[in-house]
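Engineer: Following this message is one structure expressed as structure tokens.
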Amino acid sequence: NAGSYLAPVLALLFIRTRGLPTEAPRGTLALLKRGLRAVVKDNVLAPLWLLTAALSLLALPVFALLPVFVVDVFAAGALTLGALLTAAGLGQLLGALALVLGRFVLSRVKHSGLIQLLGYLVMGALVVGFALSATPAVASLAIFGFNFVYGFLAPRVNAIVQSRTEAERGTAQALFLLVFGLVPIGQVVLG
């Protein structure tokens, strides 16, 4: 496992930057304010940040309730939970593969923010479909679809942030990572 970290370290050694580094403000709050200014002034990043925060607080925490859902709704056990988790994992893996395979096609699409928005709407509909599902098979399809779309869209968030920011790239990226980290807060509220 420790050896697996060598590849990213080697990749970082080969990264070359353009221009001189900017003077960074001192302190975490100053950096967050700087990143927030960069995100707020961008007409794509600001709504994308809000949508990502909403996804992290309202949709992703649903997975914490899967065991309860299996027992209380389906009156089932570990096998059904395993099937749901398998569907979720397979969906995310295939969504990420679809993103990699469709990268050439997507590079020609001009409205990447619209793709994200539509994807988030589909994810919301799939969460509702999961919540209303009467059978484990329907729930598995809904959770597979949700994670397929999530596996497709989540890496695109990073790419959009990277492509739309320059000097504030690191602080803007930190704000997006912050909202991805809100899932446990959503789980507490949902619980």
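Engineer: Residue under question is T17, and the condition is that it be at pLDDT below 85, among the polar types (S, T, N, Q) and either within 16 Å of Q162 (Cβ to Cβ) or in contact with a Phe, Trp or Tyr (Cβ under 8 Å, 6 or more places away or on another chain) (or both); does it hold? First the steps, then the outcome.
Structural biologist: Details: at pLDDT below 85: yes; among the polar types (S, T, N, Q): yes; either within 16 Å of Q162 (Cβ to Cβ) or in contact with a Phe, Trp or Tyr (Cβ under 8 Å, 6 or more places away or on another chain) (or both): yes.
Criteria met by T17.
Engineer: Out of all the residues in the stretch 157-182, which are under 18 Å from G119 (Cβ atoms) and surrounded by 17 or more Cβ atoms within 10 Å (Cβ to Cβ)?
Structural biologist: Here is the first cut: in the stretch 157-182, the residues under 18 Å from G119 (Cβ atoms) are 157-161, 163-164, 176, 179-180.
Answer for the stretch 157-182, where residues must be under 18 Å from G119 (Cβ atoms) and surrounded by 17 or more Cβ atoms within 10 Å (Cβ to Cβ): V157, I160, V161, R164, F176, V179.
Engineer: With respect to A142, is the statement that it is surrounded by fewer than 17 Cβ atoms within 10 Å (Cβ to Cβ) and either without any contact (Cβ under 8 Å) to a residue 40 or more places away in the chain or more than 30 Å from A38 (Cβ to Cβ) (or both) true?
Structural biologist: Numbers: surrounded by fewer than 17 Cβ atoms within 10 Å (Cβ to Cβ): no; either without any contact (Cβ under 8 Å) to a residue 40 or more places away in the chain or more than 30 Å from A38 (Cβ to Cβ) (or both): yes.
No.
Engineer: Could you grab me the full set of residues in the stretch 22-73 that are surrounded by fewer than 16 Cβ atoms within 10 Å (Cβ to Cβ) and among the hydroxyl-bearing types (S, T, Y)?
Structural biologist: T22, T28
Engineer: Name the residue that is nearest to M123 (Cα to Cα), counting only residues in the stretch 74-96 that are touching a residue at least 60 places away in the same chain (Cβ under 8 Å) and surrounded by 17 or more Cβ atoms within 10 Å (Cβ to Cβ).
Structural biologist: Per the stated criteria, the residue is G91.
The values are calculated or read from the model by the stated rules, or taken from the named source; none is laboratory data. All values derive from a computational prediction rather than experimental measurement. FYI the Cβ positions are ideal-geometry reconstructions off the backbone, even for glycines, and counts take in every protein chain you see.
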